[in-house]
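Report on the structure given below.
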Amino acid sequence: MIEPLEQLQQSLKGQGSLTEPRRIIFTALLYQEPQTMSQLVAACRGQVDRASVYRTIALFEKLGIVQRLQIGWKYKLELSDAFHRHHHHLTCLKCGQVIPFDGDQALERKLQTIAEAKSFKIQAHQLEIQGLCQACQRKI
Ligand SMILES: [Zn+2]
Ligand SMILES: [Zn+2]
């Protein structure tokens, strides 16, 4: 796997250079659990202002560098599959915890089969499973 920053530079091609704010925002997302926009803004506080974080994330989404996980009517942000191993998420609807799990081969094949049956060519997919984590189940 090539260096994440090097890959970021390639992904940005034609969209300007790897500026310092872009590098900081990218680094704040790297190897982290999915974050909300306000968590990300907080992580960059003092280095990148709020408006720049929003603007950069919009660009990163457009270029497929960042993806959104939809959690009810809210969302969290994480780097796309290009920057880490393909995986899925279990999301707790109560505390918002996101538990990643690796793409299981049988599951991936099944998705492929479903798409092929509809003559559909998959380019990417996300799988979000929503429910209650162990701790929140106990609180009910
Ligand atoms: Zn929970
Ligand atoms: Zn998958």
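A few notes on this one:
- Neighbour net charge for His125 - beta-carbon separation under 15 angstrom, K R +1, D E -1: -1
- In summary, the aspartates and glutamates within cross-link reach of Lys121, defined as a Cα separation below 19 angstrom excluding same-chain residues under 8 places away, comprise Asp81, Glu108.
- Cβ charges +1 (Lys, Arg) and -1 (Asp, Glu), total dipole of the chain, debye: 480 debye
- For the stretch 16-110, the share of accessible area belonging to carbon and sulfur comes to 53 percent (1.4 Å probe, ligands and nucleic acids excluded).
- The stretch 15-140, relative contact order in percent, only Cα pairs under 8 angstrom and at least six apart counted: 20 percent
- Considering only Gln126, Ala51, His89, the residue lying farthest towards the positive end of the dipole of the chain is Ala51, judged by Cα position with unit charges set on Cβ.
- Pairs beyond 26 Å (Cα-Cα), from Lys62/Lys94; Lys74/Lys139; Lys76/Lys139: Lys62/Lys94
- Note on Gln47 and Lys74: the extension gain reaches 7.2 nm, defined as 0.36 nm multiplied by sequence separation minus the Cα-Cα distance.
- Per-bin percent of Cα-Cα distances, the chain [10 Å]: 10, 35, 34, 17, 3, 0
- Counting charges near Ile114 (Lys, Arg +1; Asp, Glu -1) among other residues having Cβ under 14 Å from its Cβ returns a value of +2.
The values are calculated or read from the model by the stated rules, or taken from the named source; none is laboratory data. Just so we're clear, the structure is a prediction, and the values are computed from it rather than from any experiment. A quick note on method: Cβ atoms are made from the backbone with ideal geometry, for glycine too, and the neighbour counts reach across all protein chains shown. Each accessible area value is taken on the protein alone, full model and side chains, heavy atoms only, with ligands, DNA and RNA left out. Shrake-Rupley method; radii C 1.70, N 1.55, O 1.52, S 1.80 Å.
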